[in-house]
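Undergrad: This structure is in structure tokens; I'll ask about it shortly.
The values are calculated or read from the model by the stated rules, or taken from the named source; none is laboratory data. All of these numbers come straight from a predicted model, not from anything done at the bench. Glycine gets a Cβ as well: all are built from the backbone with ideal geometry, and neighbour counts include every protein chain shown.
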Amino acid sequence: MTLATVTRLVPLGHDGLEAVPIAQVQGTLALDLGRDYGLPATPEYDERARCRVEATHEAAVKRWGAVFAQAVVDSIGGDRPVAQLLRWTDANVYRDLERRVKLVRLARPATRGRVIRPQVRSVHVFQPQPTTAELSIHVRHGERSRAIAARLEYRKDRWVCTALELS
């Protein structure tokens with residue numbers, strides 16, 4: 001079993017960077033969408049926001065959507081293996097995510113210094129049917145905002161993303 005060291009680069013004056021180890025991790029980030037992680041701790045995320053869905057059911061879909069969206073942006077950013085999303089996406093969405101991950105990896109310049117990771121800021125839910133949910137998700141990435149639209153369908157015992165649009 002190998003341990004990886006996570007390193008944060010800290011600027012030192014005008015002449016360069018110094019590597020400072022900040023943590024050790026084993027393997028990759030685990031993804032368990034069956035677990036209730038709660039809502040992201042962000043000021044814009046207001047669980048009390050209401051729409052046309054029963055509050056308890058909407059809150060569960062909103063939490064699931066927030067964790068799923070964070071896993072998507074983590075995968076695209078290279079912080080999480082895209083294979084962890086296989087169970088939670090249909091075949092077309094999964095293929096598109098794999099393609100996006102490869103394109104981002106090829107297009108990403110070598111980074112020096114601090115890496116800014118995207119963070120889910122809010123999720124809005126609309127349920128046209130009890131087994132279907134449409135989500136609009138606000139993701140903050142540094143100074144920029146991005147949007148994700150997702151369609152979820154409840155299949156067997158879990159939500160599955162059947163359509164995903166990223167802007």
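Undergrad: Can you tell me which residues in region 69-92 are surrounded by fewer than 20 Cβ atoms within 10 Å (Cβ to Cβ) and more than 13 Å from the chain's Cα centre (by Cα)?
TA: The answer is Ala83, Leu86, Arg87, Asp90, Ala91, Asn92.
Undergrad: Moving to a separate point now. Limited to region 61-110, what total is found for residues that are part of a helix (DSSP H, G or I), hydrophobic (A, V, I, L, M, F, W, C) and more than 20 Å from Trp159 (Cβ to Cβ)? Steps first, please.
TA: Quick first cut of region 61-110, residues part of a helix (DSSP H, G or I) only: 61-76, 82-88, 91-107.
Keeping just the survivors that are hydrophobic (A, V, I, L, M, F, W, C) gives 61, 64, 66-69, 71-73, 76, 82-83, 85-86, 88, 91, 93, 97, 101, 103-104, 106-107.
Pick out the ones that are also more than 20 Å from Trp159 (Cβ to Cβ) and you get 101, 103-104, 106-107.
Adding up the residues that qualify gives 5.
Undergrad: When both residues are 6+ apart or on different chains and their Cβ atoms are under 9 Å apart, which pairs have a first residue that lies in region 139-167 and is farther than 21 Å from Ala91 by Cα and without any contact (Cβ under 8 Å) to a residue 24 or more places away in the chain, and a second that is among the small types (Gly, Ala, Ser) and part of a strand (DSSP E or B)?
TA: That search, which allows pairs on different chains as well, returns Ala147/Ser136.
Undergrad: If only one of Ala163, Ala147 is within 22 Å of Ala59 (Cα to Cα), in contact with a Ser or Thr (Cβ under 7 Å, 6 or more places away or on another chain) and surrounded by fewer than 17 Cβ atoms within 10 Å (Cβ to Cβ), which one is it?
TA: On the way: Ala163 fails: in contact with a Ser or Thr (Cβ under 7 Å, 6 or more places away or on another chain).
Checking each option against the conditions leaves just Ala147.
Undergrad: Mind listing just one residue for me: the one in region 37-77 that is acidic (Asp, Glu) and in contact with a strand residue (DSSP E or B) (Cβ under 7 Å, 6 or more places away or on another chain) and, of those, modelled with the lowest pLDDT? Break it down stepwise before answering.
TA: Of the residues in region 37-77, the ones acidic (Asp, Glu) are 44, 46-47, 54, 58, 74.
Still in the list and also in contact with a strand residue (DSSP E or B) (Cβ under 7 Å, 6 or more places away or on another chain): 44, 58.
Details: Glu44: 54, Glu58: 82.
Among them, the one singled out is Glu44.
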